[in-house]
1. How far apart, in nm, are two points set 7 Å out from the Cα along the Cα-to-Cβ line at Ser177 and at Asn16?
2. Once you charge only the Cβ atoms, +1 for Lys and Arg and -1 for Asp and Glu, what is the size of the charge dipole of the chain about its Cα centre, to the nearest 20 debye?
3. Summarise the long-distance tail of P(r) for the range 83-132 by giving the % of C-alpha pairs beyond 18 Å.
4. Could you check the simple spin-label distance between Lys91 and Lys75, using points 7 Å along Cα→Cβ, in nm with one decimal?
5. Per-residue HN-Hα couplings for the range 162-175, Karplus 6.51 cos²θ - 1.76 cosθ + 1.60 at θ = phi - 60°, whole Hz, x for Gly and Pro?
6. In the structure displayed, which of Lys75/Lys139; Lys73/Lys171; Lys75/Lys164; Lys18/Lys170 lie more than 27 Å apart, Cα to Cα?
7. Using a 1.4 angstrom probe on the protein heavy atoms only, could you order Lys170, Lys102 from most to least accessible area?
8. List, in order, the whole-Hz ³J(HN,Hα) value for each residue of the range 133-150 obtained from phi through the Karplus relation with A = 6.51, B = -1.76, C = 1.60 and θ = phi - 60°; use x for Gly and Pro.
Amino acid sequence: MFLEENFLKIQNEIGNAKLIAVSKTKPVEDIVQACNTGQMDFGENYVQELVEKQRRLPLNIRWHFIGHLQSNKVKNIISFVHLIHGVDSFKLLKEINKQAQKINRKVKCLLQIFIANEETKFGLSFEESEEILFSEELKSLAHIEISGFMAMASNTDDEEQIRKEFRSLKKFHEKISVIKPELKTLSFGMSSDYRIAIEEGSNMIRIGSLIFGERSYNK
Ligand SMILES: *Cc1c(COP(=O)(O)O)cnc(C)c1O
């Protein structure tokens, strides 16, 4: 089910921010419907599912990997993935570089930052991400390009809490931008909090259930 009215409304609300349609668990037919309105950026968070969908769908779709990526699965998506949102370790970054080198690609990545007030979510602290960004070793990784940050806010109804978390990332980004202006992408905001995300400076939002309906299984 592709909810075109919602989709158009959200696109209108978010202005120049990029909309990633999160199609995880949804059939390829739904993705085709979204493509027919001009949507070309889709987000998936399971490698197996992404590989299967990529095989069956048009080659000009830009696939965003938004889940937790295990190093041993990088090779399955490296040839076609457009942007890897959830990079949360140097080890993973090195593996992406290694696999991209084999096929002579340069692959864009976002560092996932932990901003939530919860223990369950993946991500780097601000300090850890600075360590990566300013390390000597990063300079030798010619087949990756870190183009920004990704984050998820706490799963809460407390809007002020969510706003505070997004704002902390935006502030960090402003600081980093002074030295690394090429890190332009800020991927935060989902169905429940995208309006706050836009107000707090997100330029890439990832929307699933509002566009494709509730998922029957979830992660
Ligand atoms: C599922 C998912 C989304 C979209 O969630 P909705 O609440 O359905 O909009 C966004 N980002 C990530 C990382 C996800 O896993």
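The values are calculated or read from the model by the stated rules, or taken from the named source; none is laboratory data. From a predicted model like this one, the values you see are computed outputs, not experimental measurements. All Cβ positions, even for glycine, are placed from backbone atoms using ideal geometry, and neighbour counts span all protein chains on display. Remember, those area values only see protein heavy atoms, side chains included, never the ligands or the DNA or RNA. Shrake-Rupley method; radii C 1.70, N 1.55, O 1.52, S 1.80 Å.
1. 1.1 nm
2. Values: 31 positive and 31 negative charges, 209 e Å.
Charge dipole, the chain, about its Cα centre: 1000 debye, nearest 20.
3. Values: 419 of 1225 pairs.
Every Cα pair in the range 83-132 considered, those over 18 Å come to 34 percent.
4. Simple spin-label model gives 1.8 nm for this pair.
5. 4, 4, 4, 5, 4, 5, 5, 6, 4, 5, 4, 4, 4, 5
6. Numbers: Lys75/Lys139 22 Å; Lys73/Lys171 33 Å; Lys75/Lys164 37 Å; Lys18/Lys170 16 Å.
Distance filter (> 27 Å) returns Lys73/Lys171; Lys75/Lys164.
7. Values: Lys170 55, Lys102 140 Å².
Reading off the accessible areas and sorting them downward yields Lys102, Lys170.
8. Rounded to whole hertz, the list is 4, 10, 7, 5, 4, 4, 4, 7, 8, 7, 10, 10, 9, 7, 10, x, 10, 10.
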